[in-house]
Amino acid sequence: MCGIVGYTGPRRAAPVLVEGLKRLEYRGYDSAGIAVQSGSDLKVIKTVGKIARLKAIVPADLPGTCGIGHTRWATHGGVTDANAHPHRDPTGKIVLVHNGIVENYKGIKEKLQAKGAVFLSETDTEVIAHLIARYYEGDLEKAVKAAVQRLEGTYGIAVMHADEPGRIVGARKGSPLVVGVGEGEMLLASDVTAMVAHTKRVVYMNDGEVADIRPDGFTITDLDDRPVDKRIDSVDWDLGEIEKEGFSCYMEKEIFEQPESIGRALSGRLDAEFATGKLGGLNLTPQQLHSMQRIKIIAAGTSWHAGLVGAYLLESVARIPAAAELASEIRYRNPVVEPNTLFLAVSQSGETADTLYAMREVRRKGGTVLGICNVVGSTIARESDGGVYVHSGPEIAVASTKAFTSQLAAFYTLTLLLARMHDMSPTEGRRFMEALRSVPDKVARTLTLRDQIQAIAKKYAKARDFLFLGRNLMYPLALEGALKLKEISYIHAEGYGAGEIKHGPIALVSPETPSVFLVPDDFLREKTLSNMKEIKARGGPVIAFGVEGDEDVRELADDFIGVPKIDERFYPFLMSAPLQLFAYFCALELNRDVDQPRNLAKSVTVE
Ligand code: F6R
């Protein structure tokens, strides 16, 4: 949440900052601002609204070659110009942008107020600027280090001082920060998307580290002034991957990328000789992996839904007891961490606070945690004991789509690997592997259903409420379909196990409340058909996502979408894109901002 960016070098800073903020806008988009230094003058320009609005008020010829910027997702204080970042200290010489939450800001603020300090915003951030000013004795880095030691909570900050032109100091605890190493210029940002247009050489900072950047170089030290030896990593994707490339929005582009992104998630990970999965980064010996008697998956939102699919598979196919837990719940439950339990932290961004803190709690108790992440170098990826990168490429739209199916690919590969260590025969392993290999092409076929799905979305987009229903592997997909619809169209939607509706939700059924049924030709098809009949008998419209050629389902449903046939364990892949497209077209119909839905942000770094 919130994106920060900094630039120091020979070029004019303002366009670099505004362009960087545009790339970070998915992290928060209720207000934005920049501070640029020209000589000893620090100019701050900020406004409520999106980056386009900021861009419109930043003068094209704004001088200054060093600056910081911020795009906000409000936590403390409403969406106002005064609460937008950057914030200044009382002397006006220090400017600062912040991502995170200072939990003890109130106490600090009251103490400073008792000494006469006046605050101009309601934010927790402004107290950091005041603190730095109090500690400042001619060296910004020293003052930042002293100030952050008084903070409880999380921060990723970038700070400048009017008397130290060309210098930006960054510090992190719990909120991501990356240094970009250019030729005669340096950048600092919440993630690499903001800097990849300028450099692909990056240094990922860890908690407790402070970066001091100037045009000709950088140092990273810890809070006790000890230098930290950092590796320069190389970003392995191109700017093209974060452009819309002819699509109307990122979500549409990312839905249509799925055949390739799933292919990438599987690439090099299927071992034909032994009919098993190959996952190089787990950092566990085959013996250690074999001895795992239980799997617990921790994640949030869409990643949790992928985890639910993973748990069903690991248990039913690999025969290892498995469960998916909400990260925000498990963390505070004082979880039992038994030996021989493997924990999997699943996160697209690799920065989600709930998942990160739950993972830290499990590791603190001695548990082994593997990460299933998309963003390379992200905090969860770096802090886990090993893991799998899903390689879906940058996901920019706030609603997760391609990362979900790539996470599924990781779970299917892991399931194959573990199943083949236990009971699965080579013949069955080959069958599983072949079905998995066929997924990208079949997903591509589901994308050709786009016009049919759009027509159905047009018909139903005015409904106030939706039910999404499915059994077994389709239950997590029902949850995901409902989440996609509500987050981007703002239509109220509930996902349920289809067998559960008679225990309460069926009371919601009426001619005004459509039910979306997920009905693959699996071993529960007949039972799901009965549930469809129960809805029809009560006058509820039914939209069925079934299998092409399934006339029973087609006849029963008011509207029908048929996906290609596949081994019944693999329908989660084939139902994903149609559900995403349904939500997308409903949102378009209602004129919603698909990529940046209200109140949301990607990369949720607050609890
Ligand atoms: C929904 C969505 C969110 C995220 C959740 C976890 O479309 O994007 O529900 O899935 O915030 O985020 P990650 O996967 O980055 O941990």
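The values are calculated or read from the model by the stated rules, or taken from the named source; none is laboratory data. Source: prediction; values computed, not measured. When we count neighbours, we look across all protein chains shown, and the Cβ atoms used for this are built from the backbone with ideal geometry, even at glycine. These accessible areas exclude ligands, DNA and RNA; they are computed on the full protein's heavy atoms, side chains included. Shrake-Rupley method; radii C 1.70, N 1.55, O 1.52, S 1.80 Å.
Some notes on this structure:
- Each listed q (0.09 Å⁻¹) maps to a log10 I(q)/I(0) for region 249-442 from the Debye sum over equal C-alpha point scatterers, namely -0.29.
- The spacing between region 58-126 and region 149-199, judged by their C-alpha centroids, is 16 Å.
- Solvent-accessible area, 1.4 Å probe, carbon plus sulfur percent, for region 448-592: 48 percent
- Charging the Cβ of each Asp and Glu at -1 and of each Lys and Arg at +1, and nothing else, the dipole of the chain about its Cα centre rounds to 600 debye.
- Rounded Å value of the spacing that divides the Cα centres of region 1-46 and region 267-314: 40 Å
- Ranked packing of 221-230, 560-569, most packed first, by mean Cβ within 10 Å: 560-569, 221-230
- Listed by chain and number, the lysines placed with their C-alpha closer than 21 angstrom to that of residue 111 are 145; residues fewer than eight positions away on the same chain are left out.
- Of 85, 156, 129, farthest towards positive along the dipole that unit charges on Lys, Arg, Asp, Glu beta carbons give region 3-235: 85
- Protein-only accessible surface at a 1.4 angstrom probe places the residues 333, 264, 364 in the order 364, 333, 264, largest first.
- By a 1.4 Å probe calculation restricted to protein chains, residue 451 has an accessible surface near 110 Å², given to the nearest 10.
- Heavy-atom accessible area per residue - region 214-269, 1.4 Å, Å²: 55 Å²
- Mean Cβ count within 10 Å, highest first, over the residues of peptides 303-313, 352-362: 303-313, 352-362
- Nearest-20 debye value, region 55-161 charge dipole, Cβ charges on Lys, Arg, Asp, Glu: 140 debye
- Relative contact order of the chain, defined on C-alpha pairs under 8 angstrom at six or more residues apart (%): 12 percent
- Per the Debye calculation on region 360-503 with a single equal scatterer at every Cα and no solvent contribution, log₁₀ I(q)/I(0) for q = 0.10, 0.11, 0.21 Å⁻¹ amounts to -0.51, -0.62, -1.36.
- A 1.4 Å probe run over region 448-592, with the rest of the protein chains in place, finds 37 Å² accessible per residue.
- Among complete DSSP H helices in the chain, those whose alpha-carbon atoms stretch at least 30 Å along the helix's long axis and whose mean Kyte-Doolittle hydropathy reaches -1.0 are 426-447.
- Carbon-plus-sulfur accessible fraction, region 249-442 (probe radius 1.4 Å, protein heavy atoms only): 50%.
- Protein heavy-atom accessible surface, 1.4 Å probe, per residue over region 1-155: 38 Å².
- Share antiparallel - DSSP beta bridges, the chain, percent rounded to 5: 60 percent
- For the listed residue pairs 46/602; 93/173; 55/106, the alpha carbons are over 29 angstrom apart in 55/106.
- Qualifying lysines (Cα of each under 20 Å from Cα of residue 442; at least 8 residues distant if same chain): 253, 402, 565
- Antiparallel DSSP beta bridges within region 249-442, percent to nearest 5: 10 percent
- For residue 173, solvent-accessible area (1.4 Å; no DNA, RNA or ligand), Å²: 80 Å²
- Ranked order, 31, 291 - accessible area, probe 1.4 Å, largest first: 291, 31
- On region 3-235, 50 percent of the accessible area sits on carbon and sulfur atoms, based on a 1.4 Å probe.
- Given charges at Cβ of Lys, Arg, Asp, Glu: region 3-235 dipole, positive-most of 3, 235, 189: 3
- Kirkwood Rh, angstrom, the chain [1 / mean 1/r, Cα pairs]: 25.3 Å
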